[in-house]
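Here's the structure, in structure tokens; my notes come after.
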Amino acid sequence: MRSIDRDTEFAEFVTAQRPTLLRLARLLTAGDPAYAEDLVQTTLTRLYVHWPRVRRAGNPVGYARTALTHAFVDEQRRAHRRREHLTETPRETTAPATDPDLADVVLGALRGLPPRQRAVVVLRHWLDLDTTETARALGCTTGTVKSQNAKALAHLRATLDLTLEDQR
Amino acid sequence: MNDLSDLLDRAAGQADAVHDTRPDVVRGRRALARTRLRRTALGAVGIAAVGVVGLAATGIGGRDRDAAPVATDPPTVETTSAPTTDPTPSPTPPPSANHVGIVTNTPPGWQVQGNDPSTLVMARPGDTSSRDDFGGKLVLMLTSNPPSGQKRVLDTGRVVWVDRSAQSGYSTVAVRTRQPAEPEGLLVLQFPTDAISEQQAISLVTDALVLRDAVPVEG
């Protein structure tokens with residue numbers, strides 16, 4: 001594949017999907033804009049390197065979501081995340097939430113979840129992935145997804161005073 | 001009663017459209033270039049430590065660009081106080097509209113296999129391997145890394161750095177780009193040690209033109 005083709009296709013993908021990836025990263029990081037931007041940069045760089053394989057797979061959006069989630073989970077496994085890895089000042093591409101107070105409350109509740117539970121909640125309830133898809137993205141079993149989801153919803157229910165479905 | 005998906009959607013904020021994809025593309029290119037060079041070195045020397053030396057010679061060390069600015073040269077070895085004779089200069093053809101990144105003469109018995117804003121790859125005619133595979137090829141790459149190897153001064157006053165890694169089977173010749181006509185960086189030629197002579201390698205790298213659209217790889 002020619003480099004120019006790769007650049008063109010990748011740029012089109014970035015234009016279309018970067019905003020959504022950044023929103024996903026914002027939720028996974030519970031509202032840390034620098035960390036979210038870092039995750040998106042890492043994800044897109046991996047995507048560029050493996051672009052021919054990504055194209056062949058035929059689902060670049062799914063690939064990117066999974067790569068971003070893996071990057072987040074992997075990063076959380078490390079004892080000390082080093083912020084100096086950020087390669088540039090975060091872009092201001094995520095505008096403030098429409099309801100800042102409510103957004104802060106929700107992000108605060110997400111912050112209270114362990115990273116994997118947070119990822120389960122975001123993938124299941126924001127991206128609307130089913131249990132199997134979520135398990136695939138996180139590299140775990142569907143049973144783990146269900147148990148993590150139940151614990152996460154219990155925490156969010158207590159924190160947000162919501163009526164939530166325990167299992168979808 | 002709020003639905004969780006709605007709450008999450010609000011918390012995710014609004015996303016503005018992307019107006020400039022270039023930073024992401026450039027980061028991707030740099031990572032790809034690092035991956036390609038790493039593959040080449042590993043393919044050439046297996047897992048021997050010599051491969052690491054070869055990578056260091058090409059300036060590929062995974063450093064952050066900001067942390068390792070090009071301006072400072074590392075200690076190098078001066079091989080001789082006498083100037084090295086320049087190879088016979090041969091004019092580099094003027095770039096055409098198809099050229100991007102780096103332009104140079106192609107030595108006899110070689111042909112351009114591919115180029116991008118950071119790299120020019122030359123292979124033997126009939127070589128059908130992927131252009132991502134640098135094994136057995138001449139690879140000119142613009143990097144933002146400091147030079148390494150033996151420092152030599154040509155008759156023209158231009159400085160080149162030569163690193164002959166006999167055990168790895170690959171050598172490098174590097175030269176700084178011409179300022180301010182070319183983008184700042186170090187132009188590195190990686191070549192199979194027995195494929196072309198050192199004089200040919202120096203000629204290739206010193207004759208090369210680095211175009212305005214060239215993008216240095218880092219790390």
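Out of the residues in region A:20-63 that are more than 9 Å from the chain's Cα centre (by Cα) and of a type in the set (A, V, I, L, M), state the one that is farthest from A:Glu9 (Cα to Cα). Checked region A:20-63; the qualifying residue farthest from A:Glu9 (Cα to Cα) is A:Ala30.
Candidates are the residues of region A:2-36 that are in contact with a Leu (Cβ under 8 Å, 6 or more places away or on another chain) and more than 8 Å from every other protein chain (Cβ to nearest Cβ); the one that is farthest from B:Ser118 (Cα to Cα) is A:Ala30.
Of everything listed in (1) of a type in the set (Val, Ile, Thr); (2) under 17 Å from the mean Cα position of the chain (by Cα); (3) in a loop (DSSP other than H, G, I, E, B), the single unmet condition for B:Val205 is (3).
Among the residues of region B:18-38, just one is more than 23 Å from the chain's Cα centre (by Cα) and facing another protein chain (nearest Cβ under 7 Å), namely B:Val18.
A:Gly31 passes every criterion in (1) on the phi > 0 side of the Ramachandran plot; (2) surrounded by fewer than 20 Cβ atoms within 10 Å (Cβ to Cβ) apart from (2). Does B:Thr156 count as surrounded by fewer than 19 Cβ atoms within 10 Å (Cβ to Cβ), at pLDDT below 90 and closer than 17 Å to B:Trp110 by Cβ? When the stated conditions are applied, B:Thr156 does not pass them.
Restricting the first member to region B:105-127 and to residues that are over 20 Å from B:Thr143 (Cβ atoms), and the second to residues that are surrounded by 15 or more Cβ atoms within 10 Å (Cβ to Cβ) and of a type in the set (D, E, K, R), the beta-carbon pairs closer than 6 Å and six or more apart or on different chains are B:Asn105/B:Asp207; B:Ala123/B:Lys137.
The values are calculated or read from the model by the stated rules, or taken from the named source; none is laboratory data. A quick note: this is a predicted structure, and the numbers were derived from the prediction, not measured. FYI the Cβ positions are ideal-geometry reconstructions off the backbone, even for glycines, and counts take in every protein chain you see.
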